[in-house]
Amino acid sequence: MPAESSPLEFSPEARQKIDRLCGRYPSKQPVILAALHLAQKEFGHLSDDALRLVASTLDLPYPHVFGVATFYTMFRRQPAGKNVLRVCTNVSCMLRGAYEVLEAFESRLGIKVGESKGDFHLVEEECIAACANAPAVLCGTKYFLDVEPGQVDEILSALEQSPHPESEVA
């Protein structure tokens with residue numbers, strides 16, 4: 001079943017990136033993750049219309065694109081603050097106090113995991129590849145390592161002064 005048309009459109013630059021990537025592979029399926037990152041960067045989150053755009057651009061079924069977008073935690077289906085705080089709670093981080101760090105962020109921001117307040121959105125992440133310096137928090141491309149609950153105010157202040165939005169990642 002072909003994807004429905006979408007009122008959204010990729011910027012010419014994003015469309016060129018997708019076209020270049022599609023030229024590297026015998027099918028368009030390997031380009032899904034890159035296209036989803038570009039859509040999230042351009043539109044802020046992956047709405048149904050953004051997923052339809054990715055599906056129609058890659059000539060793939062919408063349910064497949066939806067499944068990929070909802071499987072990975074780095075994709076957001078709802079708008080979020082520009083600073084997405086990804087607190088790792090995988091085993092290394094958990095053993096060194098990640099849940100206490102997560103609770104400190106929740107308390108300080110007055111929100112729960114998955115919620116936004118002002119410029120901040122809080123996510124519990126499975127792994128951010130910083131096990132040697134657990135517990136770790138990732139915001140955009142900025143890592144905060146060996147984090148203790150008492151450092152949460154300092155981290156939030158630093159991000160207020162110098163945001164690290166995910167839109168700079170893709």
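Please rank Val123, Val137, Val91, Val113, fewest neighbouring Cβ atoms within 10 Å first, as an exposure proxy. Don't skip to the end; give the middle numbers.
Numbers: Val123 21, Val137 27, Val91 12, Val113 16.
Ordered by Cβ neighbours within 10 Å, fewest first: Val91, Val113, Val123, Val137.
The residues packed around Cys22, meaning those with a beta-carbon under 10 Å from its beta-carbon, carry a net charge of +2 if Lys and Arg are +1 and Asp and Glu are -1. Within region 83-168, antiparallel bridges make up roughly 55 percent of the DSSP beta bridges whose residues both belong there. Across region 52-66, coupling constants 3J(HN,Hα) worked out from phi with the 6.51/-1.76/1.60 Karplus curve, θ = phi - 60°, read 5, 4, 4, 4, 6, 4, 9, 6, 10, x, 3, x, 5, 5, 4 Hz, and Gly and Pro carry x. A crude spin-label estimate for the pair Glu115 and Glu154, with each label 7 Å from Cα along the Cβ direction, gives 2.7 nm. Each of Tyr99, Tyr72, Tyr62 was scored by other Cβ atoms within 10 Å of its Cβ. Listed from fewest to most, they are Tyr72, Tyr99, Tyr62.
Taking 4.7 Å between C-beta atoms as the pairing limit, the chain has these partnerless cysteines: Cys22, Cys127, Cys131, Cys139.
Here the gap between Glu106 and Gln161, fully extended at 0.36 nm per residue and compared with their Cα-Cα distance, gives a gain of 17.8 nm. Ordered by the count of other Cβ atoms within 10 Å of each Cβ, fewest first, Cys131, Cys88, Cys22, Cys139 give Cys131, Cys22, Cys139, Cys88.
Relative to the current alpha-carbon distance between Gln16 and Tyr72, full extension at 0.36 nm per residue lengthens the span by 17.7 nm. Over the chain, DSSP H runs of length four or greater, each weighted -39,500 (n - 2.57), average out per residue to a 222 nm ellipticity of -12500 deg cm²/dmol. For Rg/Rh (Cα atoms, Kirkwood Rh), the candidate list reads (i) 1.20; (ii) 1.01; (iii) 1.03; the entry that matches the value derived from this model is (iii). Near Val84, the amide H atoms lying under 5 Å from its own belong to His121, Gly140, Glu166; only residues 5 or more places off or on other chains count, and H is placed 1.01 Å from N.
Structural descriptor for region 12-71: relative contact order 29 percent, calculated from alpha carbon pairs under 8 angstrom and at least 6 residues apart. Placing +1 on each Lys and Arg Cβ and -1 on each Asp and Glu Cβ, with no other charges, gives the chain a dipole about its Cα centre of roughly 540 debye.
For Tyr99 and Asp48, a Förster radius of 30 Å and the Cβ-Cβ distance give a FRET efficiency of 0.35, rounded to the nearest 0.05. Summary value for region 103-170: 25 percent relative contact order, contacts being C-alpha pairs under 8 angstrom separated by 6+ residues.
With an 8 Å cut-off on Cα pairs and a minimum separation of 6 or more residues, tell me the relative contact order of the chain in percent.
21 percent
Just so you know, all these numbers are worked out from the coordinates, no wet-lab data involved. What you see is a predicted model; the values in this text were computed from it and never measured. As a convention, Cβ positions derive from the backbone with ideal geometry for all residues, glycine included, and neighbour counts pool all protein chains shown.
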